[in-house]
Structure formats: structure tokens, C-alpha cells
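**Student:** Have a look at the structure that comes next, please.
The values are calculated or read from the model by the stated rules, or taken from the named source; none is laboratory data. Since the model is a prediction, treat every value here as computed from it, not as a measurement. Glycine also receives a Cβ, built like all others from the backbone with ideal geometry; neighbour counts cover every protein chain displayed.
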Amino acid sequence: MTRDERLARWAELLERIPDQRLSTLSETEYQPTWARKTMRNAGSPISVAFEDAVLRAEGLQDDTYGEARRFFELSDWELHQLVCSCHSGATVRAETAARNVRDILEPRPGLFAMLLNALLVVRSS
């Protein structure tokens, strides 16, 4: 599977359980790299991925932050957006987690890009 296919599969798994509350990881951005790699929480969005036989067959080895980062080829910033408690508290709805995974697959333009586009539209009229 490609990176995008793995991420799409993860989003689909989360979308199957939209109302389930999933555990987040506490303050990932404040943890040293060595500690962040081993962070895990039972019932997290990463755990949902690890419970899937297809993703395990593709090489997902466990449900730690470091393994999710490696397997899904995510930056720390991207994975932080998906699983850190600072965004939604101690739990996150699976539907929200799925939307966040999809946002990585289909990034939306940032504020600067939207402002630049608006400026170009105004100038051309």
C-alpha cells in the first residue's frame, strides 16, 4: 500500500465507529523524542489502526506514537494534530479523528494562500 492508501484505510476504520470516544496522548509536543516514540494509550486512534489485520499485514507493528509516525510517514506536527490531547482533551470522537486523517490526505489551502488568491481575484476584476 502507498502512504495515501494506508492513511485512507485508517480514516475508513475510524469512520466505521464515528461516535466512539478514543483516548488521546497527553501533550506530545512537550515530550522528548525518545519518550514520544514509545507513547501509547489503549483505545487511541492509533490503536484502531493497529487492530486492523490489513494494516498489520502491511507492516504496522504496534500502537505507539513512533510506530504510527513511521508506518504512516507522518511528521511530528501531523501526528500531533491527530492524537494530542491539546486539541480535544482526553478523548476525541472517531469521526473527528477520521476527518483529521483525511485533512492530511487532502490538505486545504492555508490562510496565506487564501488571502493571496483573494487578492489575485480582486486585481483581475
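**Student:** Is one or more of the residues making up the stretch 53-63 under 17 Å from Val92 (Cα atoms) and either at pLDDT below 95 or out of contact with any His (no Cβ under 6 Å at 6 or more places or on another chain) (or both)?
**Tutor:** Taking every residue of the stretch 53-63 in turn, at least one turns out to be under 17 Å from Val92 (Cα atoms) and either at pLDDT below 95 or out of contact with any His (no Cβ under 6 Å at 6 or more places or on another chain) (or both).
**Student:** Could I ask something else about it? Kindly indicate the residue of the stretch 73-125 that is hydroxyl-bearing (Ser, Thr, Tyr) and surrounded by 10 or more Cβ atoms within 10 Å (Cβ to Cβ) and also modelled with the lowest pLDDT among those meeting that condition.
**Tutor:** Per the criteria, the residue is Ser88.
**Student:** Contact list please: Cβ distance under 9 Å, first residue in the stretch 24-39 and within 21 Å of Ala94 (Cα to Cα) and touching a residue at least 12 places away in the same chain (Cβ under 8 Å), second residue loosely packed, with under 13 Cβ neighbours inside 10 Å and of a type outside the set (Asp, Glu), pairs at least six apart or on different chains.
**Tutor:** Close Cβ pairs (under 9 Å, with a partner that is loosely packed, with under 13 Cβ neighbours inside 10 Å and of a type outside the set (Asp, Glu)) amount to Thr24/Gly89; Thr24/Ala90; Ser26/Ala90.
**Student:** So, of the residues in the stretch 27-58 that are hydroxyl-bearing (Ser, Thr, Tyr) and within 15 Å of the chain's Cα centre (by Cα), which turns out to be nearest to Phe71 (Cα to Cα)?
**Tutor:** Ser47
**Student:** Still on this structure, I have one more. For Arg9, which of the numbered conditions (1) without any contact (Cβ under 8 Å) to a residue 60 or more places away in the chain; (2) part of a loop (DSSP other than H, G, I, E, B); (3) not hydroxyl-bearing (Ser, Thr, Tyr) fails to hold?
**Tutor:** With respect to (1) without any contact (Cβ under 8 Å) to a residue 60 or more places away in the chain; (2) part of a loop (DSSP other than H, G, I, E, B); (3) not hydroxyl-bearing (Ser, Thr, Tyr), Arg9 is out only on (2).
**Student:** For the condition assigned to a helix (DSSP H, G or I), among the aliphatic types (A, V, I, L, M) and in contact (Cβ under 8 Å) with a residue 60 or more places away in the chain, what is the one hit in Ile17, Ile104, Ile46?
**Tutor:** The conditions single out Ile104.
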